[in-house]
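A short worksheet on the structure shown next.
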Amino acid sequence: MTWLSIHDPEGSEDARATLVLAHGAGGNRDQAMLRLLGEELARRGVCTVRIDLPFRRQRPKGPPSPSGQAADRAAFAETARVLELEGPILWGGHSYGGRMASMAVAEGASANLPGPDGLLLLSYPLHPPGRPEKARTAHLPDITIPTVLVHGRRDPFASPEELADAAALIAGPTTIVEVAAAHDLAPAKSGAPAKAADAVLALLDA
C-alpha cells in the first residue's frame with residue numbers, strides 16, 4: 001500500500017503496541033517528526049504505522065478540505081482494519097492529523113464504538129495563530145482514554161498555558177510534554193521524538 005509506512009520493532013517478533021500516526025495539514029507521512037518518532041519507538045518495541053490521510057492520497061500538495069474531514073477521521077480505524085491490528089493500539093498525529101485522531105476518538109466514544117487504547121497529540125492546533133477565540137475544544141470532554149500531548153513552547157497554535165487549560169477538558173488521564181521548539185517540534189534538535197516515546201511507554205505501563 002502506497003499510503004502507509006511501517007516501523008516494526010527491532011529484534012522482536014511481537015510489538016508491544018501499535019501506533020497509527022498521521023501528518024499535519026501541509027505535510028505527508030514522511031514528515032521528520034513522524035519518521036524519527038517511528039524509529040525511536042521501534043527501538044523500544046512499539047510498532048508505528050505512518051499514514052497519509054485521504055486528502056493527501058488524493059493530491060500531493062495543498063491543505064485539507066472541511067468536506068473531507070470525515071474521511072480523514074475514519075482513516076485511523078480504516079488502517080487498523082486493513083492491517084488487522086491486534087493488541088494495544090494508539091492513534092495520533094501531528095497538528096491536523098492529531099486533531100482528526102482526537103475527533104475520531106471522541107466520536108467513537110459518543111457512539112459506543114471500539115476505539116484505541118491511547119491517544120498521542122503532537123502540536124495539537126488548539127486555535128489558528130492569533131485567534132484564541134477559535135478554540136478547537138468542543139470534543140475534548142468526550143475523550144476518556146489516556147492522552148499524551150507533545151507541544152513546543154513557542155507554538156503559535158497554543159501557548160503552554162492554553163494547552164494546559166485544553167488538556168484539563170479531556171476526561172481521561174493526560175500527560176503534557178513540553179519541548180523547546182515551535183509548531184514543527186524541531187525533532188532533530190529538541191529531543192521531541194525521544195521525549196514523546198518516553199511518554200508513550202509510560203502510558204502503556206500505566
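Worth pointing out:
- If the segment from residue 59 to residue 30 were pulled out straight at 0.36 nm per residue, it would be longer than the present Cα-Cα gap by 8.9 nm.
- Here the chain carries DSSP beta bridges of which approximately 15% are antiparallel, counting only pairs with both residues inside.
- For the stretch 4-205, the per residue solvent-accessible surface stands at 44 Å², with DNA, RNA and ligands left out and a 1.4 Å probe.
- Considering only the stretch 1-102, percent of DSSP beta bridges that pair antiparallel, nearest 5: 25 percent
- If you sort 136, 131, 56 by accessible surface, 1.4 Å probe, largest first, the order is 131, 136, 56.
- Note on the chain: with charges restricted to the Cβ of Lys and Arg (+1) and Asp and Glu (-1), its dipole about the Cα centre is near 760 debye.
- Among the protein heavy atoms of the stretch 4-205, carbon and sulfur supply 51% of the accessible surface, probe 1.4 Å, non-protein parts ignored.
- Residue 157 - accessible surface, heavy atoms, 1.4 Å probe, Å² rounded to 10: 50 Å²
- Here the sum of -39500 (n - 2.57) over DSSP H runs of 4 or more residues, divided by the residues of the chain, equals -10500 deg cm²/dmol at 222 nm, to the nearest 500.
- Taking a straight line from the alpha carbon of residue 189, these aspartates and glutamates sit under 19 Å away, with near neighbours fewer than eight places off in the same chain left out: 30, 39, 40, 155, 178, 198.
- Structure-derived Kirkwood radius over Cα pairs in Å - corresponding label in (1) 17.1; (2) 17.9; (3) 16.6: (3)
- Distance between the modelled labels on residue 176 and residue 112, one decimal in nanometres: 3.5 nm (7 Å Cα→Cβ projection).
- Remark: the stretch 115-171 carries a charge dipole of roughly 220 debye about the Cα centre, counting +1 on each Lys and Arg Cβ and -1 on each Asp and Glu Cβ.
- GluC sites (Glu not before Pro) lying in DSSP loop within the stretch 77-165, provided at most 16 other Cβ fall within 10 Å: 84, 86
- Protein-only accessible surface order, largest first, of 2, 48 at 1.4 Å: 2, 48
- DSSP-assigned coil residues among GluC sites (Glu not before Pro) in the stretch 1-63, each with at most 11 further Cβ atoms within 10 Å: 10, 13
- Extreme residue, positive dipole direction of the chain, given options 160, 183, 118 (C-beta unit charges): 183
The values are calculated or read from the model by the stated rules, or taken from the named source; none is laboratory data. Remember, it's a predicted structure, so these values are computed and weren't measured experimentally. FYI the Cβ positions are ideal-geometry reconstructions off the backbone, even for glycines, and counts take in every protein chain you see. For accessibility, only protein heavy atoms count, side chains too; no ligands or nucleic acids. Shrake-Rupley method; radii C 1.70, N 1.55, O 1.52, S 1.80 Å.
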